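S.K.: Starting off with a structure, shown below.
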Amino acid sequence: MTEAIQNVANPQIEVKDLNLWYGDKQALKNVSIQIPKNSVTAFIGPSGCGKSTFIRCLNRMNDLIKSCRIEGEVSIEGKDIYGPGVDVVDLRKQVGMVFQKPNPFPMSIYDNIAYGPRIHGVNKKDLEGVVEHALRSAALWDEISDRIRSPAFSLSGGQQQRLCIARTMAVKPEIILFDEPCSALDPISTAKIEELIMNLKKDYTIVIVTHNMQQAARISDHTAFFLMGELIEFGKTRQIFENPGEKSTEDYITGRFG
Amino acid sequence: MGLNAKTSERIAFAFLTLAALTVAGFVLFILYYIVSNGYNAISIEFLTEMPRKMMTEGGIYPAIVGTIYLIIGSMLVALPMGILAAIYLTEYAGQNRTTWAIEMAINNLAGTPSVVFGLFGLAMFVKYLGFGPSLLSASLTLGLLIIPVIIRSSEEALLAVPPEYREASLALGISKWQTIRHVVLPASIPGIVTGSILSIGRVAGETAPILLTGAAYFLPRLPDSVYSQFMALPYHLFVLATAGTNIAQTRPLQYGTALVLLMIVLAVNFVAVLVRRYYRQKLKI
């Protein structure tokens with residue numbers, strides 16, 4: 001099994017011996033993994049297993065937590081993102097993130113999308129095109145094109161989450177991290193987001209944390225199983241679900257715990 | 001023995017209601033008293049003319065204008081400094097000694113009697129910096145007086161902005177300062193406005209600090225620059241009621257002045273409430 005972990009074709013993200021502590025409590029233990037480009041990689045595991053903590057290492061969102069300490073190496077396209085001279089702001093432009101709860105800004109739909117590009121210096125006359133393109137890519141344009149000036153909070157939860165995806169895409173990242181993006185949504189909205197994610201992988205590398213094993217099975221190419229801060233198993237999704245190599249993986253996906 | 005739950009509930013409810021009604025009752029009584037006594041003094045002449053005959057006749061126009069200038073001046077001093085300090089304390093300051101010292105200083109400032117601010121203003125602005133007794137010295141002094149209030153309420157407003165907004169913005173590769181400027185600050189404006197409403201009432205009503213830094217006993221003209229002395233409503237009221245030429249004769253003028261002061265504070269508050277509502281609407285919170 002270990003061999004399969006080591007040899008992913010075309011890796012974009014490489015993590016070596018990653019350890020992370022919140023104060024005294026170790027949340028990640030010696031995690032090593034390679035995440036392939038232009039594919040969907042899902043992280044599953046019970047609550048508190050470290051899967052969310054792990055993806056927050058990939059865009060350094062954990063930097064915001066004062067007690068958090070990190071050892072090990074995380075490289076994106078060969079560049080150590082924790083190395084000296086790395087600009088976190090640039091990193092987060094390259095690695096976007098969609099959160100568990102839809103979190104649009106208290107602005108209009110248009111301004112939500114335009115916010116990032118505008119601050120990154122896209123000029124006024126190109127902005128409308130950028131916004132429309134992002135909304136189309138997030139499969140939201142047809143539903144809301146007649147009211148893009150109305151407040152983002154007037155959208156349904158599922159639409160808000162697609163708006164957040166569009167907002168992320170508008171700054172043109174290469175990688176998009178999804179932290180349980182459907183956990184606050186109804187099944188129909190969830191299905192739309194899943195379809196969207198599968199379409200996005202031709203343009204982006206997708207990393208998704210999910211509580212929902214069926215979701216991982218439906219949309220991902222590779223799956224990683226975390227337990228108590230350790231990466232237990234990683235491989236092709238089919239293989240993980242049909243023929244897991246570890247007893248605890250099997251126990252989890254067959255619903256014996258979690 | 002003990003009271004059963006229902007009885008004690010009823011007694012507690014009665015006391016709480018009584019306390020709330022007492023407070024409301026006093027406020028209403030004061031309002032009624034001032035309005036009913038001051039109502040007759042109010043006229044166009046009273047509001048737009050200079051005082052005459054050693055303030056026993058005529059209007060209070062320069063005092064009205066002086067008070068409005070003071071509100072504007074002290075807000076120009078206190079709002080930027082207070083909001084910037086609050087941003088520093090909530091968003092940037094670490095848990096260390098410097099922060100602790102700053103917090104302590106703010107708490108102490110908030111508890112300092114206003115006459116001490118007046119003396120400080122006299123020593124610092126009037127004498128040392130040479131601004132003289134003036135609108136400038138008084139505005140700076142009042143500005144310092146209300147900075148703790150502005151900092152505290154701005155801090156609360158900033159902390160009330162959901163962390164999800166910050167996360168969302170940072171995750172887009174937006175720097176911390178840009179995030180504060182474009183997301184956090186706009187979302188906290190309703191709260192900051194609420195805080196400044198409170199301090200406007202304070203500025204309009206303070207007497208001791210301006211008495212020492214620039215308010216004139218009697219000055220029947222408007223200030224023509226920030227270095228001019230000025231009249232102000234609370235000090236005018238104090239003069240009429242204590243040191244005036246004829247206390248009994250000016251009694252209607254005193255009530256009238258109090259009423260005008262009250263109305264100015266209410267009017268400014270009303271505008272501030274409109275501003276707050278406008279931003280809330282815009283934010284759709």
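The numbers here are math on the coordinates, done by the rules we state, and not lab data. These numbers come from a predicted model, not from an experiment. When we count neighbours, we look across all protein chains shown, and the Cβ atoms used for this are built from the backbone with ideal geometry, even at glycine.
S.K.: For A:Lys201, list the lysines whose Cα falls under 20 Å from its own Cα; do not include residues on the same chain fewer than 8 positions away.
M.R.: Answer for A:Lys201, where 20 Å is the Cα cut-off: A:Lys37, A:Lys93, A:Lys172, A:Lys192, A:Lys236, listed by chain and number.
S.K.: Loop only per DSSP, at most 14 neighbouring Cβ atoms within 10 Å: give me the trypsin sites (Lys or Arg not before Pro) in region A:113-160, ordered by residue number. Let's see the in-between values first.
M.R.: Working: sites: A:Arg118, A:Lys124, A:Lys125, A:Arg136, A:Arg147, A:Arg149; in loops: A:Arg149.
Answer in residue order: A:Arg149.
S.K.: How far is helix B:5-38 tilted, in degrees, relative to the longest principal axis of the Cα atoms in chain B, given as a value from 0 to 90 rounded to the nearest 10?
M.R.: That works out to roughly 40 degrees.
S.K.: If you don't mind, another one. Among the complete DSSP H segments of chain A, which ones combine at least 15 Å of alpha-carbon extent along their axis with a mean Kyte-Doolittle hydropathy of -1.0 or more? If you can, show how the numbers build up before the last one.
M.R.: Values: long enough: A:109-119 (16 Å, -0.07); A:124-137 (20 Å, -0.67); A:157-169 (18 Å, -0.50); A:187-200 (19 Å, 0.52).
Going by DSSP H runs, the hits are A:109-119, A:124-137, A:157-169, A:187-200.
S.K.: Working from Cα positions, state the angle (0 to 90°, nearest 10) between the long axis of helix B:185-205 and the longest principal axis of chain B.
M.R.: Relative to chain B, helix B:185-205 is tipped by roughly 30 degrees.
S.K.: So for A:Phe153, A:Phe226, A:Phe241, A:Phe257, fewest C-beta neighbours within 10 Å to most, what's the order?
M.R.: Working: A:Phe153 16, A:Phe226 25, A:Phe241 20, A:Phe257 9.
In order of increasing Cβ crowding within 10 Å: A:Phe257, A:Phe153, A:Phe241, A:Phe226.
S.K.: Compute the distance from the alpha-carbon center of region A:133-149 to that of region B:241-283, in whole Å.
M.R.: Their Cα centres are 50 Å away from one another.
S.K.: Give the long-range amide H neighbours of A:His120: residues separated by 5 or more places, or on another chain, with amide H under 5 Å away, using H modelled in the peptide plane at 1.01 Å from N.
M.R.: Hits under the 5 Å cutoff: none.
S.K.: While we're on this one: Compute a Gaussian network model of chain A, connecting alpha carbons closer than 10 Å, and tell me which residue from A:Val98, A:Val122, A:Val31 fluctuates the most.
M.R.: Answer for the Gaussian network model of chain A: A:Val122.
S.K.: Quick check on chain A: take the gyration tensor over C-alpha atoms, sort the square-rooted eigenvalues as a ≥ b ≥ c, and tell me if it's rounded (a/c under 1.5), prolate or oblate.
M.R.: Working: a/c = 1.90, a/b = 1.45, b/c = 1.31.
The shape class here is prolate.
S.K.: Which residue, B:Thr213, B:Thr67, B:Thr48, has the most motion in a Gaussian network model of chain B that connects Cα atoms within less than 10 Å?
M.R.: B:Thr48
S.K.: How charged is the neighbourhood of B:Met231? Take every other residue with its Cβ under 15 Å from the Cβ of B:Met231, and add Lys/Arg as +1 and Asp/Glu as -1. It would help to have the intermediate numbers written out before the result.
M.R.: On the way: positive: B:Arg52, B:Arg221; negative: B:Glu49, B:Glu206, B:Asp224.
Around B:Met231, the surrounding residues sum to -1.
S.K.: Relative to the longest principal Cα axis of chain B, at what angle does helix B:97-111 sit, 0 to 90 degrees, rounded to 10?
M.R.: The two axes meet at around 30 degrees.
S.K.: A further question follows. May I ask you to work out the translational diffusion coefficient for region B:16-171 at 20 °C, viscosity 1.002 mPa s, via Stokes-Einstein with Rh from the Kirkwood sum over Cα pairs, reported in whole µm²/s?
M.R.: On the way: Rh = 19.5 Å.
Estimated via Stokes-Einstein, D reaches 110 µm²/s.
S.K.: Sticking with this one: Just how far, in whole angstrom, is region B:81-105 from region A:207-226 if you go by their alpha carbon centroids?
M.R.: Going from one Cα centre to the other spans 44 Å.
S.K.: Please average, across the residues of A:101-107, the number of beta carbons from any other chain that are within 10 Å of each residue's own beta carbon, and give a whole number.
M.R.: Working: counts 2, 2, 9, 3, 9, 12, 7.
The per-residue average across the peptide is 6.
S.K.: By its C-alpha gyration tensor, with a ≥ b ≥ c as the square roots of the eigenvalues, how is the protein assembly as shown shaped: rounded for a/c under 1.5, else prolate for a/b larger than b/c, else oblate? Before the final figure, lay out each step's value.
M.R.: Details: a/c = 2.65, a/b = 2.46, b/c = 1.08.
Note, shape of the protein assembly as shown comes out prolate.
S.K.: To continue, here is another question. Pull out a ≥ b ≥ c, the square roots of the eigenvalues of the alpha-carbon gyration tensor of chain B, then state rounded if a/c is under 1.5, prolate if not and a/b is larger than b/c, and oblate in the remaining case. All intermediate terms of the calculation are to be shown ahead of the outcome.
M.R.: Numbers: a/c = 2.00, a/b = 1.30, b/c = 1.54.
Because a/c hits 1.5 or more and a/b fails to exceed b/c, chain B counts as oblate.
S.K.: Right, next: Taking neighbour counts of Cβ atoms within 10 Å as a proxy for exposure, in what order, fewest first, do A:Arg167, B:Arg280 appear?
M.R.: Details: A:Arg167 31, B:Arg280 14.
Placing the least packed residue first, the sequence is B:Arg280, A:Arg167.
S.K.: Which pairs, out of A:Lys51/A:Lys101; A:Lys25/B:Lys176; A:Lys66/B:Lys176; A:Lys25/A:Lys66, put more than 19 Å between their alpha-carbon atoms? It would help to have the intermediate numbers written out before the result.
M.R.: Values: A:Lys51/A:Lys101 17 Å; A:Lys25/B:Lys176 28 Å; A:Lys66/B:Lys176 15 Å; A:Lys25/A:Lys66 14 Å.
Result: A:Lys25/B:Lys176 exceed 19 Å.
S.K.: Would you list, by chain and number, the aspartates and glutamates whose Cα falls below 15 Å from the Cα of A:Lys247, excluding same-chain residues fewer than 8 positions away?
M.R.: Correct list for A:Lys247: A:Glu230, A:Glu233.
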